[in-house]
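Trainee: The structure follows.
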Amino acid sequence: MNRHVIYGVHVQNRGENAVRVQQLLTEYGCYVKTRLGLHEVDETFCATGGIVLLEMYGDIEKCEALRDKLNSLDGIEVQEMIFEHS
């Protein structure tokens, strides 16, 4: 890849959606170079939503397939950032 592709995955209702999201991340794991999960948490609170940042690697068609499958799930929204390199 001559570019960095980053997906921001907004996950609502983590309790309901975490398993489906994890299944897809496992299925496409060879195309995920970096994964970072973010959600609000403290001593008395754990948010029901969160964001997963994915740095993608390899076959762009496989990366886009993961993006599209994630986007097709209820309660999941994917946005992307693409940084081109010359």
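Where a number appears in this text, it was derived from the coordinates with a stated rule and is not lab data. In this text, all values refer to a predicted model and were calculated from it rather than measured experimentally. Glycine also receives a Cβ, built like all others from the backbone with ideal geometry; neighbour counts cover every protein chain displayed.
Trainee: Once you list every other residue whose beta carbon is under 11 Å from the beta carbon of Phe83, what net charge do they have if Lys and Arg are +1 and Asp and Glu are -1?
Mentor: Net charge around Phe83: -2.
Trainee: May I pose another question? Once you have all Cα-Cα distances for segment 3-84, histogram them in 10 Å bins from zero and send the whole-percent values.
Mentor: Spelled out bin by bin, segment 3-84 gives 18, 54, 23, 5, 0 percent.
Trainee: Here is a follow-up. By how many degrees, 0 to 90 and rounded to 10, does the Cα axis of helix 14-27 deviate from the longest principal axis of the chain?
Mentor: Helix 14-27 and the main axis of the chain meet at about 30 degrees.
Trainee: Select from segment 41-76 those GluC sites (Glu not before Pro) which occupy a DSSP coil region and have at most 14 other Cβ atoms within 10 Å, ordered by residue number.
Mentor: For GluC sites (Glu not before Pro) across segment 41-76 that sit outside H, G, I, E and B with at most 14 neighbouring Cβ atoms in 10 Å, the list reads Glu43.
Trainee: In the chain, which chymotrypsin sites (Phe, Trp or Tyr not before Pro) are in a loop and have at most 10 other Cβ atoms within 10 Å, using DSSP for the loop call?
Mentor: Answer by residue number: Phe45.
Trainee: Using +1 on the beta carbon of Lys and Arg, -1 on that of Asp and Glu, and nothing else charged, what's the dipole of the chain about the Cα centre, debye to 20?
Mentor: Computed charge dipole of the chain: roughly 220 debye.
Trainee: Can you tell me, using C-alpha contacts under 8 Å and at least 6 residues apart, the relative contact order of segment 9-54 as a whole percent?
Mentor: Value for segment 9-54: 52 percent.
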